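Trainee: This is the structure I have questions about; it appears just below.
The values are calculated or read from the model by the stated rules, or taken from the named source; none is laboratory data. The structure displayed is predicted, hence computed values, not measured ones. Glycine also receives a Cβ, built like all others from the backbone with ideal geometry; neighbour counts cover every protein chain displayed. Side chains are part of the model used for accessible areas, which takes the heavy atoms of the whole protein and leaves out ligands, DNA and RNA. Shrake-Rupley method; radii C 1.70, N 1.55, O 1.52, S 1.80 Å.
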Amino acid sequence: ASSPKLIIKDTTNNCQYITYAQNSNAHLGTSSDHDLMIDTNNTTRITVKASGSVGIGTTSPSVELDVNGEGRFSRDLTVGGISTASSTTNFENVLRVKGKNNYSDGTTWFGDYGQILLHATGNMTNSSRRYLITNALSNNKFAIIRSVDASTDPVVNSTSNAINSGHA
């Protein structure tokens, strides 16, 4: 049996939007070499490039998944998972956190610094702490900083190259 299709075509540039059902799947997309844009409130929110790259909050994704804005994962986030049979090629899985001038006290400085804040809301002894892993201490020094208590984020102060809140 043939699949029912809806095709909308812009004859100016031969852009074709297509939607159809086939067996137990439903499809929407372009059947021409054009990007697919998903809009709400007359604004593009998701872009699927003809090359396959997906942008959320950007119309020009530069990698396979390019998100411009905040994200939240309520389950695991896995980085990597690449395996190879070759002993001459090594794949290193990397979680890269990079931000230009992103000191946690909101001030700016020269260079690229990354910070990860680990935050627990409680544990068995109710003595949970927050930990800041950073390379922004004293001009690119690596540090793990523990919060002073369970409800305060540790803070690196860029102007004095010191810790504003917490203990190294």
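Trainee: Carbon and sulfur: what percent of segment 2-79's accessible surface (1.4 Å probe)?
Mentor: The computed percentage sits at 46.
Trainee: Report the FRET efficiency, 1/(1 + (r/R0)^6), for Ile144 and Ser2, where r is their Cβ-Cβ distance and R0 is 45 Å, rounded to 0.05.
Mentor: Working from the Cβ atoms, E equals 0.15.
Trainee: Something else about it: Arrange the peptides 57-66, 143-152, 6-15 so that the one whose residues have, on average, the most other Cβ atoms within 10 Å appears first.
Mentor: Highest-to-lowest ranking by the protection proxy: 143-152, 57-66, 6-15.
Trainee: Which distance in nm do the two modelled labels at Ser60 and Thr44 give, with both placed 7 Å along the Cα-to-Cβ direction?
Mentor: Taking the simple label geometry, Ser60 and Thr44 are separated by 1.0 nm.
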